[in-house]
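Undergrad: If you scroll down you'll find the structure; I have some questions about it.
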Amino acid sequence: MRLNDFETNGTKFGRLITSDGRVIGSEWIRRNKDWARINYTVLTRLEIDKWAHLPSAIPEFVTKSFYAQVQLPL
């Protein structure tokens, strides 16, 4: 896979609801003696080899979604 194969557009969400029903939204943090909200949450889709644990198997890729909060240095 080359860098050009990745999508260049996306959608910005205020809150995400995961497939198992959890809500991912902004989070309160304390920075410089004040409270702030961070919204660095991402939804990414990756192609995962279903048979990666079997060295002699023919690769079969499935698309999986991952939800995460990006941790930025303070």
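The values are calculated or read from the model by the stated rules, or taken from the named source; none is laboratory data. As the structure is a prediction and not an experimental result, all values here were calculated from the model. Here the Cβ is made from the backbone with ideal geometry for all residues, glycine too, and neighbour counts use every protein chain on show.
Undergrad: For the subset of the stretch 47-74 comprising residues that are of a type in the set (Phe, Trp, Tyr) and closer than 22 Å to Gly21 by Cβ, which member is modelled with the highest pLDDT?
TA: Kept after step one, since they are of a type in the set (Phe, Trp, Tyr), are these residues of the stretch 47-74: 51, 61, 66-67.
Now drop any that are not closer than 22 Å to Gly21 by Cβ, which leaves 66-67.
Details: Phe66: 77, Tyr67: 72.
The extreme case among them is Phe66.
Undergrad: Restricting attention to the stretch 46-56, which residues are of a type outside the set (Asp, Glu) and surrounded by 10 or more Cβ atoms within 10 Å (Cβ to Cβ)?
TA: The first filter runs over the stretch 46-56 and keeps only residues of a type outside the set (Asp, Glu), leaving 46, 48, 50-56.
Once the filter is applied, which keeps residues that are of a type outside the set (Asp, Glu) and surrounded by 10 or more Cβ atoms within 10 Å (Cβ to Cβ), the stretch 46-56 yields Leu46, Ile48, Lys50, Trp51, Ala52, Leu54.
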